[in-house]
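Enquirer: Shown below is the structure under consideration.
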Amino acid sequence: MEIILILVFLFIACFHSIAFDRVIEYQFNNFHKFWVGDGCPRGVFFNPKNSSIVSFWIASFKVLWTEKPKWICGDNIAILLYRKLRFWDKAVKYYVIAFFPLLIAGNLLFEG
């Protein structure tokens, strides 16, 4: 049971990381000025030259707690990528909230 829960979490986290990378890569390629203004953040897998891990952490935090960045407004592709990122962000949050109760319930149900 624990293995299945961990594998599901890894699956969700991987898709979240890919969605985050796509937003960062799109910003890098199409809104480079804003990318530099954000501190040159990198993604999990997308790592352009001169990118910063600290800016990655700050950008990740901003995704969790702030509204849509200004550079996204008016660009349909950026809006779509951002919506996908928000979807996977919520999936990670809700799964983590449910993960520990499921883990405890699984241990109680399947204890030998």
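The values are calculated or read from the model by the stated rules, or taken from the named source; none is laboratory data. Predicted model only: the values in this text are computed from it and were never measured. Virtual Cβ from ideal backbone geometry, glycine too; neighbours counted across all protein chains shown.
Enquirer: Just one of 91, 78, 59 is under 16 Å from the mean Cα position of the chain (by Cα), surrounded by 13 or more Cβ atoms within 10 Å (Cβ to Cβ) and modelled with pLDDT under 90; which is it?
Expert: Result of the check over 91, 78, 59: 59.
Enquirer: Looking at 19, 105, 98 in this structure, which one is among the small types (Gly, Ala, Ser) and at pLDDT 90 or above?
Expert: 19
Enquirer: Let me ask you something else. Yes or no: the stretch 51-62 includes at least one residue that is among the charged types (D, E, K, R) and within 30 Å of residue 102 (Cβ to Cβ).
Expert: yes
Enquirer: Identify the residue in the stretch 1-30 that is in contact with an Asp or Glu (Cβ under 9 Å, 6 or more places away or on another chain) and farther than 15 Å from residue 51 by Cβ and, among all such residues, is surrounded by the fewest Cβ atoms within 10 Å (Cβ to Cβ).
Expert: Checked the stretch 1-30; the qualifying residue surrounded by the fewest Cβ atoms within 10 Å (Cβ to Cβ) is 30.
Enquirer: Also, I was wondering about something else. Would you tally the residues in the stretch 73-92 being free of Cβ contacts under 8 Å to residues at least 24 places away in the same chain and at negative phi?
Expert: Residues in the stretch 73-92 being free of Cβ contacts under 8 Å to residues at least 24 places away in the same chain and at negative phi: 7 in total.
Enquirer: Assess whether residue 52 counts as being surrounded by 11 or more Cβ atoms within 10 Å (Cβ to Cβ), touching a Phe, Trp or Tyr at 6+ places or on another chain (Cβ under 8 Å) and among the polar types (S, T, N, Q).
Expert: no
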